[in-house]
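Please read the structure below before turning to the comments.
The values are calculated or read from the model by the stated rules, or taken from the named source; none is laboratory data. Remember, it's a predicted structure, so these values are computed and weren't measured experimentally. Glycine also receives a Cβ, built like all others from the backbone with ideal geometry; neighbour counts cover every protein chain displayed.
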Amino acid sequence: MTTVPKFSLVAPVYNEVDNLDRFVEEAVPVMDKLDGGFEIVLVDDGSTDGSHEKLIALHNKDPRVKIVRLRGNFGQTAAFAAGFDYAKGDIILTIDADLQNDPADIPALVKKLEDEDYDIVAGWRYDRKDKFISRRLPSMIANKIISMTTNVHLHDYGCSLKAFRYDIVKNIKLYGEMHRFIPAIASWMGIRVAEMKVNHRPRVAGVSKYGIGRTVRVMLDLLTVKFLLTYSTRPIQIFGLMGFISGAFGFLLALWLSVQRLFFDIPLSNRPVLLLAVLLILIGVQFISMGRLAEMQSRTYHESQNKPVYVIKDIAE
Ligand code: UDP
Ligand code: MG
């Protein structure tokens, strides 16, 4: 019988062949010091530089190093998702495999999570070692926007080094560039999130897989996340309200115009406001129908996944 490890360290790998030896060398002793057993789940996201052979060699040397190999390059978020599906630990840690995050920070994250009963402890690369114009500046702006839009306030959403409780990562689905939004997505469950300064190092081997283009994708994903967080369980209340306001305005305008036309003989032919009234009524009808459609969609969404609209922490009976 194999015992289930208490800690799973999940790291995405895409063409990092020259970083892997050192990554495992640094991570294993750190994980080994944690009490309860561990596994390191390295997700090979379709590497083509020989990373896979290296990973298999590392697994053969130490079976606590598990390799999940994806069929192609699905992206960092998908790689994390694959790692989460595989991971068995009560506490799931994420980290990049490129050595920019420092495994030595892990015990402090775990300690905070356990001792202070947090659900997520996120790393903050307060002294980030990346290029300023193409990486740090856009990320600073993105972090501000994300912090203003979601109700989880962190300094550094993009830091891969984070610690999660098992139910957090098992309860959410990730798409696009969304791994950075896990704290925000999970916030509807009423979780406790903490932040902790962590070390960040310059890349010594391999190349960064991203450029400025990621910022745009992250911002688009933010729109989706925001929508899911605010409206997904009650779309009619949002669309319906907007539709109702617009329709009511249009109706009042039209009523006023009709009264003037019918009882005071004021002609309608030179009243452009008539167009506005018609427009507002049409928009109102459209918003309300959209809300009703969204309502049906959200039922399909929740029920097809058996996704409850609540999350239980524990039950005493
Ligand atoms: N990565 C991945 N799939 C990709 C791109 C990146 O698994 O399509 C991994 C990569 O190997 C690294 C981590 O994600 O471990 C972060 O990537 P990178 O260092 O390029 O991002 P940066 O640190 O520059 O933001
Ligand atoms: Mg990196």
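Restricting the first member to the range 262-286 and to residues that are in a helix (DSSP H, G or I), and the second to residues that are loosely packed, with under 10 Cβ neighbours inside 10 Å and of a type in the set (Phe, Trp, Tyr), no beta-carbon pair is closer than 9 Å while six or more apart or on different chains. For the range 175-201, a residue qualifies if it is within 29 Å of residue 22 (Cβ to Cβ) and surrounded by fewer than 18 Cβ atoms within 10 Å (Cβ to Cβ), and the qualifying residues are 194, 197, 199, 201.
The single condition among (1) small (Gly, Ala, Ser); (2) assigned to a loop (DSSP other than H, G, I, E, B); (3) modelled with pLDDT of 95 or more that residue 122 does not satisfy is (2). Scan the range 76-88 and tell me whether some residue there is in a loop (DSSP other than H, G, I, E, B) and not β-branched (Val, Ile, Thr). Within the range 76-88 (the criterion being in a loop (DSSP other than H, G, I, E, B) and not β-branched (Val, Ile, Thr)), the answer is yes, since at least one residue qualifies. Among the residues of the range 296-317, those identified as hydrophobic (A, V, I, L, M, F, W, C) and at pLDDT below 75 are 309, 311, 312.
Taking the condition of being assigned to a helix (DSSP H, G or I) and in contact (Cβ under 8 Å) with a residue 12 or more places away in the chain, how many residues in the range 222-236 meet it? Qualifying residue count, the range 222-236: 9. Within the range 152-182, the set of residues being of a type in the set (Asp, Glu), within 16 Å of ligand 2 (Cβ to nearest atom) and more than 14 Å from residue 197 (Cα to Cα) comprises just one member, 177. Step by step: first the residues of the range 45-75, then only those that are under 25 Å from residue 5 (Cβ atoms) and within 16 Å of ligand 2 (Cβ to nearest atom), then the one that is farthest from the chain's Cα centre (by Cα). Which residue is that? So the residue we want is 51. Quick one: in the range 1-52, which of the residues that are of a type in the set (S, T, N, Q) and either crowded, with 23+ Cβ neighbours inside 10 Å or closer than 21 Å to residue 76 by Cβ (or both) is farthest from ligand 1 (Cβ to nearest atom)? This residue is 8.
Against the list (1) touching a residue at least 60 places away in the same chain (Cβ under 8 Å); (2) surrounded by fewer than 16 Cβ atoms within 10 Å (Cβ to Cβ); (3) of a type in the set (A, V, I, L, M); (4) more than 16 Å from ligand 1 (Cβ to nearest atom), the condition residue 205 fails is (4).
When the range 77-104 is filtered for residues that are buried (at least 22 other Cβ atoms within 10 Å of the Cβ) and within 16 Å of ligand 2 (Cβ to nearest atom), the ones remaining, listed by number, are 79, 80, 94, 95, 97, 98, 99, 100, 101, 103.
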